[in-house]
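Beneath this line is the structure, given in structure tokens, with notes to follow.
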Amino acid sequence: MRRLGKQPLSRYLNCGTEPSGVAHVDAWAVNLTVMSQVTPDGNGASTVSTQVAASASPVTTSGAPVTCTSTGELERGINGAAMAAATK
């Protein structure tokens, strides 16, 4: 729970913390949207850009979702994997 693959979501997102110090992203329900785009550069190569958007909501209590910010790690991983696959 609250993992992406084998990594905790807090590696990829910051959604604030509980008073106890636990990251919201590792304890709350997370809505994650990831969009990647491959764009030709006109010289026979391409660039990959990825955007991540997320929000988190408490699971055990009612409350408004909070907006999360990305650490950039997920975008770097996706872009790197896409570029590696393209060069095979």
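Summary of values
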| quantity | calculated |
| --- | --- |
| Two-site FRET efficiency, A85 against A53, from Cβ-Cβ distance with R₀ of 22 Å, rounded to 0.05 | 0.40 |
| Amide proton proximity set for T17, modelled H, under 5 Å, gap of 5+ | H24 |
| Stretch gain in nm, segment A64-Q37, where the contour uses 0.36 nm per residue and the Cα spacing is subtracted | 6.7 nm |
| Relative contact order of the chain, pairs being alpha-carbon contacts under 8 Å that are 6 or more residues apart, as % | 27 |
| Listed values (1) 20.0, 73; (2) 15.9, 53; (3) 14.7, 45, entry calculated as Rg and Dmax of the Cα atoms in Å | (2) |
| Helix 73-86 axis, angle to the chain major axis (alpha carbon atoms, nearest 10°) | 30 |
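Each value in this text was obtained by applying a stated rule to the coordinates, not by laboratory testing. What you are looking at is a predicted structure, and each value in this text was computed from that prediction instead of being measured. Cβ atoms come from the backbone with ideal geometry, glycine included; neighbour counts cover every protein chain shown.
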